[in-house]
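**Q** Quick one: the structure is below, questions incoming.
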Amino acid sequence: MAGGVGRRMASKVPKPLIQFKGRPLIKWVFEAAAGCSHMDSIAVAITRATYSVKGAVDADFVVTDGRGYVEDMVSAITQLGLEKTLVLSADLPLLTAPDLDWVVEEYRRLGAPALAVFVPVELCRKLGITRTMEIDGLVPAGINIVDGRDLDGEESRLVTSNPRFAFNINTPGDLERAAQFAREAH
């Protein structure tokens, strides 16, 4: 999902193209997805406002209306005729292929048609990460698995305290904290 212009980032480029450690945010997510052992293909959902993202990664692209994360996710899945689909926000630069393998394995174990990944709000507070939404003390991580054949099906919640899932970049401060976390982790 690369449709966000990133107003809170105060940047002239779409958020997926903002640089993190010398590369666009979307490149980090794309590489994690490409390394996921459960991935057959990669498509990127963009909007007219983020059309310039097309040059950042070698993938198929689908244009959505930019009405919101869920609406654009459903639109992309429907337009592409997808079945089981791992959906990632383009602003999760610390995710790794093993992280995504774990999400897919948990989805299979839980057995619902859909899965949403969350992190505890306390983890976001501890890391100093901006929260744009809270649900029952949890923050959506921007990672979902959806079966396009059952878009209205039951959704499981997967909660993780892995900090890499919490770094959903929404502000320049989030970007700085993610870079600091990455430096300290190595």
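None of the figures in this text is laboratory data; all of them are computed from the coordinates on show. Computed from a predicted model, the values in this text were never measured in an experiment. Here the Cβ is made from the backbone with ideal geometry for all residues, glycine too, and neighbour counts use every protein chain on show.
**Q** Just how large is the dipole of the chain about the Cα centre, in debye to the nearest 20, putting +1 at every Lys and Arg Cβ and -1 at every Asp and Glu Cβ? Could the numbers behind the result be given before it?
**A** Values: 21 positive and 24 negative charges, 184 e Å.
So the magnitude is around 880 debye.
**Q** Taking neighbour counts of Cβ atoms within 10 Å as a proxy for exposure, in what order, fewest first, do His38, His186 appear? Working shown, then result.
**A** Working: His38 16, His186 5.
Lowest to highest Cβ neighbour count: His186, His38.
**Q** Further question: Of Asp99, Asp40, how do they rank once you tally other Cβ atoms within 10 Å and put the fewest first?
**A** In increasing order of surrounding Cβ atoms, one gets Asp40, Asp99.
**Q** I've got another one for you. Springs between alpha-carbon atoms under 10 Å, Gaussian network over the chain: tell me which of Leu92, Leu25, Leu123 tops the mean-square fluctuations.
**A** Leu123
**Q** Can you pick out the pairs among Lys21/Lys84; Lys27/Lys84; Lys54/Lys126; Lys54/Lys84 whose Cα atoms lie more than 27 Å from each other?
**A** On the way: Lys21/Lys84 32 Å; Lys27/Lys84 23 Å; Lys54/Lys126 35 Å; Lys54/Lys84 24 Å.
As for pairs spanning more than 27 Å Cα to Cα, those are Lys21/Lys84; Lys54/Lys126.
**Q** Oh, and also: Can you compute the helix-only [θ] at 222 nm over the chain? Use -39500 (n - 2.57) per DSSP H run of at least 4 residues, normalise by all residues, nearest 500 deg cm²/dmol.
**A** Numbers: 6 runs with 62 residues, N = 186.
So the calculated ellipticity at 222 nm is -10000 deg cm²/dmol.
**Q** Out of residues 5 or more away from Val159 or on other chains, whose amide H comes under 5 Å of its own, with H placed 1.01 Å from N in the peptide plane?
**A** Phe118
**Q** Fewest to most neighbouring Cβ within 10 Å: what's the order for Trp28, Trp102? Let's see the in-between values first.
**A** Values: Trp28 22, Trp102 17.
Starting with the residue having the fewest Cβ neighbours, the order is Trp102, Trp28.
**Q** Given H placed 1.01 Å from N in the peptide plane, which residues other than close sequence neighbours of Asp147 have an amide H under 5 Å from its amide H?
**A** Thr85
**Q** Tell me, what ³J(HN,Hα) does each residue in the stretch 136-149 have, in order and in whole Hz, if you take phi through Karplus 6.51 cos²θ - 1.76 cosθ + 1.60 with θ = phi - 60° and put x for Gly and Pro?
**A** 6, x, 10, 10, x, 7, x, 10, 9, 10, 9, 8, x, 7
**Q** Still on this structure, please answer the following. Measure out, as a whole number of angstrom, how far apart the alpha-carbon centroids of the stretch 86-121 and the stretch 47-76 sit.
**A** A separation of 20 Å, based on Cα centres.
**Q** So who's got an amide H within less than 5 Å of the one on Arg23, skipping anything under 5 residues away but keeping other chains? H placed 1.01 Å off N, in plane.
**A** Close amide H contacts, sequence-distant or interchain: none at all.
**Q** Restricting to Cα pairs below 8 Å that are 6+ residues apart, what does the relative contact order work out to for the chain? Please round to a whole percent.
**A** Details: 338 pairs, mean separation 43.9, N = 186.
Relative contact order here is 24 percent.
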